[in-house]
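First the structure, in the form of structure tokens, and then the observations on it.
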Amino acid sequence: MVKRMRMRTLFFGGVITLLFVFLVGRIYYIQVVKGAEWYELAKERWSANEVLQAKRGMIMDRNGKVLAMDSVAYNLALNPKQINEQEIGSEVIDGLSDIIGMSKESLREHVEAKKDDGQYLSQREVRNGGWQLDKTTADKIKEFSRELSKEKKVPDVGIYLYDQQKRFYPNKELAAQVVGYLNNENQAMTGIEAALNEQLSGVDGYFKYEKDGKRVQLAEGEVEYQPEQNGHDVTLTIDGDIQKYAQDALAEIVKKYNPKSATAIAADPNTMEILAMANTPNYDPNEYWKNNTGSYNHAVRSIYEPGSTFKIVTLAAAVEEGLFNPDEKYKSGEIYFPKVAKPIRDIKRGGWGTISFLEGLKRSSNVAFVKLGYEKLGEDKFKDYINKFGFGQKTGIQLGGELSGRVQLTWPIEVANATFGQGVAVTPIQQVAAVAAVANGGKLLQPQIIKEITDPSTKTTTKVEPKVVRQVISEETSREVGEYLEQVVSDKEIGTGKDAYIEGYRVAGKTGTAQKTNVSGIGYAADKFVVSFIGYAPVENPKIVVYIIVDEPNDPEVGGGRVAGPAFKEIVQKSLRKMGVAPSYEFDESTGKTEVSIAVPKVTDLNVTQAKSEIKVKGMDVEQVGNGTKVLQQIPPAGSVVHPTQRVYLITEPPEKLAIPDLTGVSLRDALEFTTLIGVRLIPEGQGYVVSQQQETLNNVKVLRVKLAPLDQGTAIDPPPDSEGSGETGDDGAEQTDPAGGQQTNGANGSDSNQSEPNGAGPSAAQNGASAASGANSQ
């Protein structure tokens, strides 16, 4: 018995000893062998990690107007399990559909989303339609959620919102294709957003610390902190006001001619800083998924045959080489080439007889430019000037997807056609850079869209300086060509650019119209054209160069002068006024010139249509204020002597119903009269005429801040000499074009990556023989 008890004791003692040894071994294994690993796992449980999201840099215009910035956004998520357990699916679907505009069918897919095993999901993100919502929409969702919770008497209705940063474009469509946009995944897709994504993005930071079971930071715990690095702020060369002038002018073209697309570029010819770059169709980058089909930056990503605007290159080259004599005569009408059955013709079949080369320029005679570029300059020299002016090569502007255009001149007939803008494919930005060189004294400059980049961390700013590519022509040639091009605009009898004439300013310019090829690439469409106008002002000291190009206006009978000329005039006139550029000359009776100042006619008590007609007869801008049909008051008052660029406002409703219109160009006196009329306090800065305005609320009082600049009269300058000759006046005729006309190489929704150009420029002039030479008429 004792022996048995002893054996039992030894057995249990051995087992306990073995268990103890095992326990010690296990503890050793965990604490020593695996100690470091378990310690790291424990630290993960103790540790908290917060991401410090970097703020994306702002994009601003040259005056500090914000075009793109970060703001708070909200993402919607649903709990299908909770919603279906509470049996409130129909209410959730109906309520959210009304708030976010999402179809009920799409919302039902989210509300009824299940796992593979058939169980409802506990979380479902509503990405398409419920992502990056603004605060107003989020507040509506929160209110709906609270009301539903009260109605159904449930604490959780399965609707959740999570906040994050969102890209916001406060000026909506303004410079949309230039600025670009970020998609709902915060991926930079187009424009500056994509081109400078690395500088704008910044680097996220983090904050790591140790916490206790209640998620409170341990006082003696380890802390690791890496601050975020916010993205750089980018200031563009774009002027928000001039950009709006350009977009408004294109909107008028769209309203009247309904083109496939239209593009406007405005630049400072002395620096090639882009002041405006507008395109239609346009879109709001805040809602990039709407109205975005075909909407992208044609200024750098589309190529067109330039038409007669290219004659500026031929003219400049001929003047530089001493080959242009404005008084020299030639036979207009047509010119033949060996082995080509049909001749190159002017827009007017039979021409205008024997005329001077200056008249040929004003009438945009193709024959004149074939003689200048092909016969006088010669093939090699003419092609050399095309290259010197930057055609066939990228300009280097800081925007993605820029094309280099196409200049393939192999056969003599192709060179001849190129002298008047046929058979070469160029981008609008190349055209602007080339004409800016003609305007600024002969220097080809690289176009600039970036003015400066600022690092918010170091407060350092990197400025982008003008870059001269090469000297193309001399300053004397530049001056002389400007005087010739001025007569294209100022000659109201035969000048094809007369629709771009601006009273008081010397304007140089050239029209262009190019016939487009058929879809097959063989032959040319009789009713599809690309029309354009390019010019600069004032001629004696150019401050702005503007190019307007319109693809397929709905009227095949109109040309560049009639379609694009008025848009050019509107943009340049408003821009010069904003810049405070004095008129080029002042007319008076002693010199036989017309006065710059104009007396405002009396239009009160007239109906609006008649009043507008009376004002427009004077060559003045007019704007209706209010929705009435009769003019109750006018500003400036009848009899006032004003600058011809000043707008006349027709008040058609009582003051309490009026909104503040654009007062650009109005004198301080008239601005005060208008704001007093509608009960708004005016806060002026400077003297002279209004160049910009901003509406604000100050101490609960509506105020309007305006900046003013003088429009001092400049030194009187003799007007251009009277034009020679007379006869039939044509607008732009049409040149045949290759498939490059209006060719687009990238869709609206894709990113701005560099794209290769399609090969071939359509049917070669030499290959098509007579068909390439005949009918290639332009003005």
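The values are calculated or read from the model by the stated rules, or taken from the named source; none is laboratory data. Just so we're clear, the structure is a prediction, and the values are computed from it rather than from any experiment. FYI the Cβ positions are ideal-geometry reconstructions off the backbone, even for glycines, and counts take in every protein chain you see. Just the protein is used for accessible areas: all its heavy atoms, side chains included, with ligands, DNA and RNA removed. Shrake-Rupley method; radii C 1.70, N 1.55, O 1.52, S 1.80 Å.
Per 0.36 nm of contour for each residue apart, how much would the distance between Lys602 and Lys394 grow if the chain were fully extended, relative to their Cα-Cα spacing?
69.5 nm
Put a dot 7 Å past each Cα toward the Cβ at Arg108 and Val223; how far apart are the dots in nm?
5.5
Considering only protein heavy atoms, with the full assembly of protein chains and a 1.4 angstrom probe, order Thr237, Thr458 by accessible area, largest first.
Thr458, Thr237
Could you sort the peptides 556-566, 70-80, 417-427 by per-residue average Cβ neighbour count (10 Å cutoff), highest mean leading? Could the numbers behind the result be given before it?
Details: 556-566: 24.9, 70-80: 19.8, 417-427: 28.8.
Top to bottom by mean Cβ count within 10 Å: 417-427, 556-566, 70-80.
Please compute the length gained on full extension between Asp555 and Lys3, using 0.36 nm multiplied by the number of residues separating them and subtracting their Cα-Cα distance. Could you put the intermediate results ahead of the total?
Working: separation 552, 0.36 × 552 = 198.72 nm, distance 12.24 nm.
Full-extension gain reported as 186.5 nm.
Give Lys381/Lys443; Lys388/Lys443; Lys342/Lys371; Lys383/Lys467 a once-over and call out the pairs whose C-alpha atoms are over 22 Å from each other. Walk me through the numbers on the way to the answer.
On the way: Lys381/Lys443 19 Å; Lys388/Lys443 10 Å; Lys342/Lys371 17 Å; Lys383/Lys467 24 Å.
Result: Lys383/Lys467 exceed 22 Å.
Assuming R0 = 35 Å, can you tell me the calculated FRET efficiency for the pair Lys463 and Lys172, based on Cβ-Cβ distance, to the nearest 0.05?
About 0.80, to the nearest 0.05.
Where does each of Tyr689, Tyr245 land when they are ordered by accessible area, with a 1.4 Å probe and the largest first?
I get Tyr689, Tyr245, largest accessible area first.
Which of the GluC sites (Glu not before Pro) across the range 105-192 are loop residues per DSSP, with 11 or fewer other Cβ within 10 Å?
The qualifying sites are Glu185.
Heavy atoms of the protein only, probe of 1.4 Å, neighbouring chains included. What is the accessible area of Val438 in Å², nearest 10?
Only protein atoms counted, so the area is about 0 Å².
Gain in length, Thr136 to Lys381, computed as 0.36 nm per residue apart minus the alpha-carbon separation, to one decimal in nm?
81.8 nm
Mind giving me the nanometre distance, one decimal, between the label points for Val33 and Glu198, set 7 Å out from Cα along Cα→Cβ?
Once both label points are built, they end up 5.0 nm from each other.
Calculated FRET efficiency, Leu18 and Val51, Cβ-Cβ r, R0 35 Å, to nearest 0.05?
0.10
Please give, to one decimal in nm, the separation of the simple spin-label points placed at Glu623 and Lys339, each 7 Å out from Cα toward the Cβ.
6.1
Given the protein chains as shown and a 1.4 Å probe, how many square angstrom of Lys152 are accessible, to the nearest 10?
So the heavy atoms of Lys152 present about 70 Å² to solvent.
With a 1.4 Å probe and all protein chains kept in place, how much accessible area does Lys394 have, in Å² rounded to the nearest 10?
100
Ignoring ligands, DNA and RNA, what percent of the 1.4 Å accessible area of the range 510-567 is carbon and sulfur?
47
For the range 469-568, I need the span (max minus min coordinate) of the C-alpha atoms along each principal axis, in Å, sorted largest to smallest.
46, 34, 21
So if we plug the beta-carbon distance of Asn128 and Phe207 into 1/(1 + (r/R0)^6) with R0 = 25 Å, what FRET efficiency do we get, rounded to 0.05?
0.15
List the lysines whose Cα sits under 22 Å from the Cα of Lys290, skipping any in the same chain fewer than 8 residues away.
Those lysines meeting the cut-off are Lys104, Lys135, Lys166, Lys172, Lys244, Lys255, Lys260.
Heavy atoms only, probe 1.4 angstrom, no DNA, RNA or ligands counted: give me Leu161, Leu576 ranked by accessible area, highest first. The partial results should precede the final answer.
Details: Leu161 45, Leu576 0 Å².
My answer, sorted largest first, is Leu161, Leu576.
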